[in-house]
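Taking it in order: structure first as structure tokens, then the write-up.
Values in this text are rule-based calculations from the coordinates and carry no lab data. Quick caveat, the model's predicted, so the values are computed rather than measured. Glycine also receives a Cβ, built like all others from the backbone with ideal geometry; neighbour counts cover every protein chain displayed.
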Amino acid sequence: MSLQTIPARHGKAVHLKAGQAIEVINTSGTQVVDTWAFCPEDLEHHMSMMHTRVETSRLMPAVGSTLYTNRREPILVMEADTSSGIHDTIMAACDRWRYEHLGCTEYHRNCADNMLEALAELGLDFGHIPQPLNLFMNIPIEGDYRLVQGVPPSKARDKVVLRAARDCIVVFSACPQDITPINGGLPTDAHYAVID
């Protein structure tokens, strides 16, 4: 099992065959990893958090949960999770407009561009940004239904294992967010390994 790096503030993409699994490691314990999955024969067919919530009747996946596509077909299964089990399925990937709203006057690396860059490294072009599964991201819901940008509850080397229900391309972004508390204030490398 060869460990690969998702560099802090950058993205990586990897092909998985049906039956293979990928272990995603929160190496520092404080790093959110935005995660997408696409069907290689048609990138418009991809993992969808809104469809997954409907199919599983859960706000966030747990061990044994299937993650579904926008055509309601299984694409990944959460096979293991050593973290607190806190993951986000609500928040959109950060993008340049998000950082402009947060006061950035110059370009800030972001998960949306990281996804596009990672796909481009595989020679793939895609026109929009699906909402990711935000592994290890803590977004508490307050009593008045406000969403809070929470501090990560994970610990160093917590991991999630996702098994491919079909051939797919999995894309990760080690989230560059350094303005809100979601990465503990400092983005760090995360790691992954493909398991046959």
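In order along the range 187-196, the phi-based Karplus estimate (6.51 cos²θ - 1.76 cosθ + 1.60, θ = phi - 60°) of 3J(HN,Hα) comes to x, 9, 4, 10, 9, 8, 8, 8, 10, 7 Hz; Gly and Pro are listed as x.
Backbone geometry of the range 131-144 corresponds, through the Karplus equation with coefficients 6.51, -1.76 and 1.60 at θ = phi - 60°, to 3J(HN,Hα) couplings of 6, x, 7, 8, 5, 6, 8, 10, 10, x, 9, 6, x, 9 Hz, x marking Gly and Pro.
Label sites at residue 126 and residue 193, each approximated as a point 7 angstrom past Cα along Cα to Cβ, lie 2.6 nm apart. Length gained on full extension, residue 141 to residue 15: 41.9 nm, using 0.36 nm per residue less the C-alpha separation.
A run of the chain free of exposed loop cleavage sites, with trypsin sites (Lys or Arg not before Pro) counted only in DSSP states other than H, G, I, E and B and at most 16 other beta carbons within 10 Å, reaches its longest extent at 73-145.
So, in Å, what gap is there between the alpha-carbon centers of the range 42-69 and the range 120-180? One Cα centre to the other: 13 Å.
Using θ = phi - 60° in the Karplus curve 6.51 cos²θ - 1.76 cosθ + 1.60, the 3J(HN,Hα) couplings for the range 179-184 round to 9, 8, x, 5, 10, x Hz; x is entered for Gly and Pro. Classified by the C-alpha gyration tensor, the range 3-129 has a rounded form. Its axis ratio a/c, with a ≥ b ≥ c, is below 1.5. Going by neighbour counts of Cβ atoms within 10 Å, the residues 188, 52 line up, fewest first, as 188, 52. Counting every C-alpha pair in the range 134-181, the share spaced more than 18 angstrom apart comes to 49%. Of the chymotrypsin sites (Phe, Trp or Tyr not before Pro) found in the range 127-177, those in coil by DSSP whose Cβ has at most 15 other Cβ atoms within 10 Å are 145. For the chain, the relative contact order is 46 percent, taking Cα pairs closer than 8 Å that sit 6 or more residues apart in sequence and dividing their mean separation by the residue count. Under the combined filter of DSSP loop state and at most 13 neighbouring Cβ atoms within 10 Å, the range 45-126 retains these GluC sites (Glu not before Pro): 106. Kindly state, to the nearest 0.05, the FRET efficiency for residue 54 paired with residue 101, given R0 = 22 Å and r defined as their beta-carbon distance. Step by step, r from the Cβ atoms, then E = 0.15. The fraction of Cα-Cα pairs per 10 angstrom bin, counted from 0 for the range 45-196, comes to 10, 38, 40, 12, 1 percent, rounded to whole percents.
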